[in-house]
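The values are calculated or read from the model by the stated rules, or taken from the named source; none is laboratory data. In this text, all values refer to a predicted model and were calculated from it rather than measured experimentally. Cβ placement follows ideal geometry from the backbone for every residue including glycine, while neighbour counts extend to all protein chains displayed.
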Protein chains: 2
Amino acid sequence: MSDTTRLPVAVDAMGGDRAPGEIVAGAVRARDELGVEVVLVGRPDEIGDTGGLEVIAASEVIAMDADPGRSVRTMKDSSLVRAAEAVRDAKACAMVSAGNTGATMASALLRIKRLPGVGRPAIATPIPCPGAETPTVLLDAGANAECSAEWLVQFAQMGAVYARQRYGIEDPKVGLLSIGEEPTKGTPLVKETHGLLAAGDWAAASGGTFVGNVEGRDVMSPDVDVVVTDGFTGNVVLKTLEGGMRSLVKAILASFDTNDDTRAAGEVLIPALLPLYGQLDPDNTGGALLLGLNGPCIISHGSSSATAIVNAVQVAVEMVDGDLCGAIGRAIRPA
Amino acid sequence: MSDTTRLPVAVDAMGGDRAPGEIVAGAVRARDELGVEVVLVGRPDEIGDTGGLEVIAASEVIAMDADPGRSVRTMKDSSLVRAAEAVRDAKACAMVSAGNTGATMASALLRIKRLPGVGRPAIATPIPCPGAETPTVLLDAGANAECSAEWLVQFAQMGAVYARQRYGIEDPKVGLLSIGEEPTKGTPLVKETHGLLAAGDWAAASGGTFVGNVEGRDVMSPDVDVVVTDGFTGNVVLKTLEGGMRSLVKAILASFDTNDDTRAAGEVLIPALLPLYGQLDPDNTGGALLLGLNGPCIISHGSSSATAIVNAVQVAVEMVDGDLCGAIGRAIRPA
């Protein structure tokens, strides 16, 4: 299955709560199970046994809680900066990191750089919809705390292209997150964006259909495929759902532990609940994507396991093989 | 138990998806079960049997989807406007409505009016935290799509007073919703508000301790008692949680229905799950409160049952008896 014409995927071996162990194990598994080339980036002595994978040496590591902007400016030999440079210098086709999210964005933005015409890159995060075949793509999930209406329109274009390529949704339904369905609801930014999305020909090259304003309750529903919002609101939504789901699942499992009868009943139900658990497990989503750059950058969650890295590498090669970045470039600035 | 010194609670008989039937039934039950005076507001012929409750006649009804501002300006004989006037004219001590949320706010703001010094009223909504004794108070949950830092500081003051009076939390932990714990994270509004909450003596009269920025994942956790945010973000958070919880519960119940074994196991578990279900049922929260006015205004959810109205009336009299509005007035503008 090895495709010798594709460049390797650069995996930041030092990023994530479980780095380098789980990250390296995931990279090795990705090569073996997916048959794709992977190159590790990081400190060779800490990586240890690479399982035969090549290593791009980088002497510095940006900590999970470091200041993103300053770290990327000052730590030029960090694994994150070197991974982004590998994409820039055509030594890798895409990058994957479970490290500091802000520093991943900053490295990718500064080294891989934006596609022509893109105002700002956006983080596109898949939100699982229980019972539905495909997740909802939420963007921006945190790259830009403040946005202009023009950027939000580009997020709609990028989100539509991504939903089609990643999830096979031919004509994605694109909604604008607000606090009521009426075009008059929301902040001035939302109202201005609504006007542009409703009236404009933004979808001429990207495809996708604007379904109007959507509300928080629609994010986890199959009624909309792409939800567009600013990075502040999007990040709050993402983390609210993560916290709410975790809290509810914990309470339900505690109910299962009430007495011997409920414990026995719980054991019967676990297999029936596994598919749902799998759908909600962030290790299985393949990670978030930073859209709008000259190469795919996958942002895996901080607690990524080896399985999460395998899935992230798979998404990376799918996006490379489908020329996601080219399609986004054409959607933003039609020929 | 009847307290003859307290004015009756005005209940908008025409507001809500299940009005007037469930609303009137709830008002009658509130009188019988709580021993409090209740007055209905609405069309006498549609209300029908009042169970002996007095009725303030109002000939108009503001529809659930009507434009709030215009409706309240033009429908001066609507049940919502008349209910607010009953509070203003000292014919009622508080108002309860399950009707059009925007029109409820507008009626209350225009007729009951703000407490001296209050910039804007805010909707305070209890967010249940599974496993915790008390919910988190989220405000503003939708009254003001755009806010100033000064208003957000007042929301912190009002939220602290409310959390103490309603839930008995002596020194409420107050968090500011952002996208990272660091004071540098978030929008300019959030950063400015962080500075005021961290440095100022805002809590001198309200009580409460600022615990810094919190994230979406903290909203449904017991780590914070009051979460302050603008009405756009707050409303998105509230509806995102509603939708996410509903979606997850539906998927779990579908898993229970997999086969005969899981159905039998599910029946064993239902009693153990009932307390959690009860905690999450919006009929049991007592509704949201519009804080900052000269009298309590309870906003019940649109699908309120009779039980929701009983709980809303109970919250109303608790807030009246504890002089919530007086305490908020002193917190905002200390003597």
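Take the residues in segment B:182-198 that are assigned to a loop (DSSP other than H, G, I, E, B) and either at pLDDT below 95 or in contact with a Gly (Cβ under 9 Å, 6 or more places away or on another chain) (or both), then tell me which one is surrounded by the fewest Cβ atoms within 10 Å (Cβ to Cβ). Even if it seems obvious, please write down each step before you answer.
Restricting attention to segment B:182-198, the residues satisfying the condition of being assigned to a loop (DSSP other than H, G, I, E, B) are B:182-187.
From what's left, either at pLDDT below 95 or in contact with a Gly (Cβ under 9 Å, 6 or more places away or on another chain) (or both): B:182-186.
Numbers: B:E182: 14, B:P183: 16, B:T184: 11, B:K185: 18, B:G186: 23.
Residue satisfying both the conditions and the ranking: B:T184.
Within segment B:223-269, track down each residue that is polar (S, T, N, Q), surrounded by 18 or more Cβ atoms within 10 Å (Cβ to Cβ) and not in a helix (DSSP H, G or I).
Selection gives B:T229 alone.
For B:T285, state whether it is within 21 Å of B:R31 (Cα to Cα), among the hydroxyl-bearing types (S, T, Y) and crowded, with 19+ Cβ neighbours inside 10 Å. Before you say what the answer is, go through the steps one by one.
Details: within 21 Å of B:R31 (Cα to Cα): yes; among the hydroxyl-bearing types (S, T, Y): yes; crowded, with 19+ Cβ neighbours inside 10 Å: yes.
For B:T285, the condition - within 21 Å of B:R31 (Cα to Cα), among the hydroxyl-bearing types (S, T, Y) and crowded, with 19+ Cβ neighbours inside 10 Å - is met.
Tell me whether segment A:34-42 contains one or more residues that are surrounded by fewer than 22 Cβ atoms within 10 Å (Cβ to Cβ), of a type outside the set (A, V, I, L, M) and over 16 Å from A:V313 (Cα atoms).
no
Among the residues of segment A:78-105, which ones are modelled with pLDDT under 95 and either of a type in the set (D, E) or surrounded by fewer than 24 Cβ atoms within 10 Å (Cβ to Cβ) (or both)?
A:G102 - this is the single residue of segment A:78-105 that is modelled with pLDDT under 95 and either of a type in the set (D, E) or surrounded by fewer than 24 Cβ atoms within 10 Å (Cβ to Cβ) (or both).
Answer yes or no as to whether B:D12 is farther than 30 Å from B:E150 by Cβ, among the acidic types (D, E), out of contact with any strand residue (DSSP E or B) (no Cβ under 7 Å at 6 or more places or on another chain) and modelled with pLDDT of 95 or more. Spell out how you get there, then give the answer.
Values: farther than 30 Å from B:E150 by Cβ: yes; among the acidic types (D, E): yes; out of contact with any strand residue (DSSP E or B) (no Cβ under 7 Å at 6 or more places or on another chain): no; modelled with pLDDT of 95 or more: yes.
In short, no.
Out of (1) part of a loop (DSSP other than H, G, I, E, B); (2) surrounded by 17 or more Cβ atoms within 10 Å (Cβ to Cβ); (3) within 22 Å of the chain's Cα centre (by Cα), what's the single condition that is false for B:D65?
So B:D65 meets the others, but not (2).
In segment A:217-226, what count of residues is obtained for those that are facing chain B (nearest Cβ under 7 Å) and touching a residue at least 12 places away in the same chain (Cβ under 8 Å)? Steps first, answer last, please.
Just the residues of segment A:217-226 that are facing chain B (nearest Cβ under 7 Å), to begin with: A:217-221.
Subset that is touching a residue at least 12 places away in the same chain (Cβ under 8 Å): A:218-221.
Result for segment A:217-226: 4.
Here are B:E54, B:E22: which of them is acidic (D, E) and under 19 Å from B:S300 (Cβ atoms)? Spell out the reasoning first.
Values: B:E54 fails: under 19 Å from B:S300 (Cβ atoms).
Within the list B:E54, B:E22, the selection yields B:E22.
Pairs needed: first member in segment A:227-251, more than 7 Å from chain B (Cβ to nearest Cβ) and farther than 20 Å from A:G287 by Cβ; second member anywhere, surrounded by 24 or more Cβ atoms within 10 Å (Cβ to Cβ) and modelled with pLDDT under 95; C-beta distance under 6 Å; at least 6 residues apart or different chains.
Short answer, once both residue conditions are applied: none.
Is there a residue being among the polar types (S, T, N, Q) and closer than 26 Å to A:M245 by Cα anywhere in segment B:202-224? Steps first, answer last, please.
Step one: list which residues in segment B:202-224 are among the polar types (S, T, N, Q), which gives B:206, B:209, B:213, B:221.
Still in the list and also closer than 26 Å to A:M245 by Cα: B:213, B:221.
Among the residues of segment B:202-224, at least one is among the polar types (S, T, N, Q) and closer than 26 Å to A:M245 by Cα, which makes the answer yes.
Taking segment B:143-178 as the region of interest, how many residues are under 16 Å from B:A288 (Cβ atoms) and more than 14 Å from every other protein chain (Cβ to nearest Cβ)?
Total meeting the criteria: 9.
Quick one: is B:G175 crowded, with 20+ Cβ neighbours inside 10 Å and either more than 17 Å from A:E146 (Cα to Cα) or modelled with pLDDT of 95 or more (or both)?
Numbers: crowded, with 20+ Cβ neighbours inside 10 Å: yes; either more than 17 Å from A:E146 (Cα to Cα) or modelled with pLDDT of 95 or more (or both): yes.
When the stated conditions are applied, B:G175 passes them.
Can you find a residue in segment A:9-16 that is surrounded by fewer than 24 Cβ atoms within 10 Å (Cβ to Cβ) and not in a helix (DSSP H, G or I)?
In the first step, residues of segment A:9-16 are kept if they are surrounded by fewer than 24 Cβ atoms within 10 Å (Cβ to Cβ); the result is none.
No: segment A:9-16 contains no residue that is surrounded by fewer than 24 Cβ atoms within 10 Å (Cβ to Cβ) and not in a helix (DSSP H, G or I).
Residues to consider are A:E33, A:E22, A:E46; find the one that is farther than 18 Å from A:V310 by Cβ, assigned to a helix (DSSP H, G or I) and of a type in the set (D, E). Before you say what the answer is, go through the steps one by one.
Numbers: A:E33 fails: farther than 18 Å from A:V310 by Cβ; A:E22 fails: farther than 18 Å from A:V310 by Cβ.
None of the others qualify; the one that does is A:E46.
Determine whether A:G278 is more than 14 Å from chain B (Cβ to nearest Cβ), closer than 23 Å to A:I23 by Cβ and either surrounded by fewer than 20 Cβ atoms within 10 Å (Cβ to Cβ) or at pLDDT below 90 (or both). Full working, then the answer.
Values: more than 14 Å from chain B (Cβ to nearest Cβ): no; closer than 23 Å to A:I23 by Cβ: yes; either surrounded by fewer than 20 Cβ atoms within 10 Å (Cβ to Cβ) or at pLDDT below 90 (or both): yes.
Here the answer is no, as A:G278 does not meet what is asked.
Taking the criterion of being without any contact (Cβ under 8 Å) to a residue 60 or more places away in the chain, out of contact with any strand residue (DSSP E or B) (no Cβ under 6 Å at 6 or more places or on another chain), at negative phi and more than 9 Å from every other protein chain (Cβ to nearest Cβ), would at least one residue in segment A:179-190 satisfy it?
The answer is yes; a qualifying residue exists.
Identify, by number, the condition in (1) of a type in the set (D, E); (2) closer than 17 Å to A:V96 by Cβ; (3) out of contact with any helix residue (DSSP H, G or I) (no Cβ under 9 Å at 6 or more places or on another chain) that A:E33 doesn't meet.
Going through the list (1) of a type in the set (D, E); (2) closer than 17 Å to A:V96 by Cβ; (3) out of contact with any helix residue (DSSP H, G or I) (no Cβ under 9 Å at 6 or more places or on another chain), A:E33 breaks only (3).
Let's see how each residue does on (1) closer than 20 Å to A:E242 by Cα; (2) of a type in the set (S, T, N, Q); (3) in contact (Cβ under 8 Å) with a residue 24 or more places away in the chain:
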residue	(1), (2), (3)
A:M105	no, no, yes
A:R120	no, no, yes
A:G131	yes, no, yes
A:T134	yes, yes, yes
A:A143	yes, no, yes
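Output the strands (runs of 3 or more DSSP E) that fall wholly within segment B:79-181 and possess 2 or more residues being of a type in the set (S, T, N, Q), or say none.
Working: elements: B:94-97, B:122-127, B:136-139, B:173-177.
Strands (runs of 3 or more DSSP E) meeting the threshold: none at all.
Go through (1) buried (at least 18 other Cβ atoms within 10 Å of the Cβ); (2) in a loop (DSSP other than H, G, I, E, B) one by one and return the number of the condition B:G51 breaks.
(1)
Of all residues in segment B:127-144, which are at negative phi and surrounded by fewer than 24 Cβ atoms within 10 Å (Cβ to Cβ)?
Within segment B:127-144, B:I127, B:P128, B:C129, B:P130, B:A132, B:E133, B:T134, B:P135, B:N144 meet the criteria.
Regarding segment A:199-210, can at least one residue be identified that is surrounded by fewer than 20 Cβ atoms within 10 Å (Cβ to Cβ), within 14 Å of chain B (Cβ to nearest Cβ) and out of contact with any strand residue (DSSP E or B) (no Cβ under 6 Å at 6 or more places or on another chain)? Outline the logic, then answer.
The first filter runs over segment A:199-210 and keeps only residues surrounded by fewer than 20 Cβ atoms within 10 Å (Cβ to Cβ), leaving A:199-201, A:203-205, A:207, A:209.
Next, only the ones that are within 14 Å of chain B (Cβ to nearest Cβ) stay: none.
Within segment A:199-210, none of the residues are surrounded by fewer than 20 Cβ atoms within 10 Å (Cβ to Cβ), within 14 Å of chain B (Cβ to nearest Cβ) and out of contact with any strand residue (DSSP E or B) (no Cβ under 6 Å at 6 or more places or on another chain).
A:H301 fails exactly one of the following numbered conditions: (1) part of a helix (DSSP H, G or I); (2) touching a residue at least 24 places away in the same chain (Cβ under 8 Å); (3) within 14 Å of chain B (Cβ to nearest Cβ). What is the number of that condition?
(1)
On the basis of being small (G, A, S), crowded, with 21+ Cβ neighbours inside 10 Å and more than 30 Å from B:A331 (Cα to Cα), does B:S300 make the cut? Full working, then the answer.
Details: small (G, A, S): yes; crowded, with 21+ Cβ neighbours inside 10 Å: yes; more than 30 Å from B:A331 (Cα to Cα): no.
Answer is no for this residue.
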